[in-house]
Each structure stands twice: as C-alpha cells, then as structure tokens.
Amino acid sequence: MSDRLQEANDFIIEHNGCCTVKEIADKLNLSIRSIHRLFTEDMGIAPKKYLRIIRFNYACMQISTFPEIDLFDVLCSCGYYDQMHFIHEFKEIMKTTPSHFLKITEGHFYFYRPLIVL
C-alpha cells in the first residue's frame, strides 16, 4: 500500500467512513481525480464505494456493540439519514435484508471482518 493510500485510509478509519472524497483530497492535498485514481489503481475500488463499506461496517459494529441504544440514533451518528437508507445499503452490500441476516446468523449482527488491503 502506498504512503498516500495509507494516509487516506487512516483518515477514513478515523472518521468511520463518514467523510467525503473531497475531504480526503483536501487532507492529502490532491485532486478528487487523483484520489479516485489512487483508490481504483491500488485497491480496485472507487473511493466513494470504499467509504460506504467502512461506514456500513462501523454502523453494524455499533448496532452489535450497543444493542440497547436506539437504532435511529446509531444510524444517524453513522451518517445515515434514516432506517430505510441503512436498509437499502445493507441489501446492496450483503445481498439480503437485515432481518433475514439476523435470522440466519442467530442474532449476531456483526462479525469482525478485518480490512485487508493488498
């Protein structure tokens, strides 16, 4: 992983994926196009999609870690506008609904999935 990509990744993780490509570009003093190129060439994924995955992962971790906290509050703190926004993203990423996922995983909403960047 290049130093620039590592710096971008650190910034993204620090903000739990709740940042924009422009904010990453400003932080690294690069253009948005350069950030896009950096991600697609080195990681094989667009930066916006990577941000969505990190944010989604963080939201799932928060839901699992703090089940007593209101779901809406957790989702808002993770950058989702409402439950439907999260459910739509959940379906897109996991290819199933949250309720079906909970059923097949016996209530375990989050599994630790380490980020491996080659």
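Some observations on this one:
- Total formal charge among the other residues, if their Cβ is under 14 angstrom from that of Glu89, Lys/Arg +1 and Asp/Glu -1: +4
- Applying 0.36 nm per residue to the separation of His85 and Thr65 and subtracting their alpha-carbon distance, the gain on full extension is 5.1 nm.
- Applying the Karplus relation 6.51 cos²θ - 1.76 cosθ + 1.60 with θ = phi - 60° to the range 59-64 yields 3J(HN,Hα) values of 4, 4, 5, 5, 4, 6 Hz, where x marks Gly and Pro.
- Cα centroid separation - the range 4-32 against the range 65-80, whole Å: 23
- Inverse mean reciprocal Cα-Cα distance (Kirkwood Rh) of the chain, Å: 15.2
- Rounded to the nearest 20 debye, the dipole magnitude of the range 56-104 is 280 debye, with +1 charges on Lys and Arg beta carbons, -1 on Asp and Glu beta carbons, and the Cα centre as origin.
- Partners of Lys27 within straight-line reach, counting lysines whose Cα lies under 28 Å from its Cα and excluding those fewer than 8 residues away in the same chain: Lys48, Lys49.
- Fraction of the pair-distance distribution of the range 3-49 above 14 Å, Cα-Cα pairs, percent: 40
Every number here is computed from the coordinates shown, using simple stated rules; none is lab data. Everything quoted here is computed from the prediction, not taken from an experiment. Positions of Cβ are backbone-derived with ideal geometry, glycine not excepted, and every protein chain shown enters the neighbour counts.
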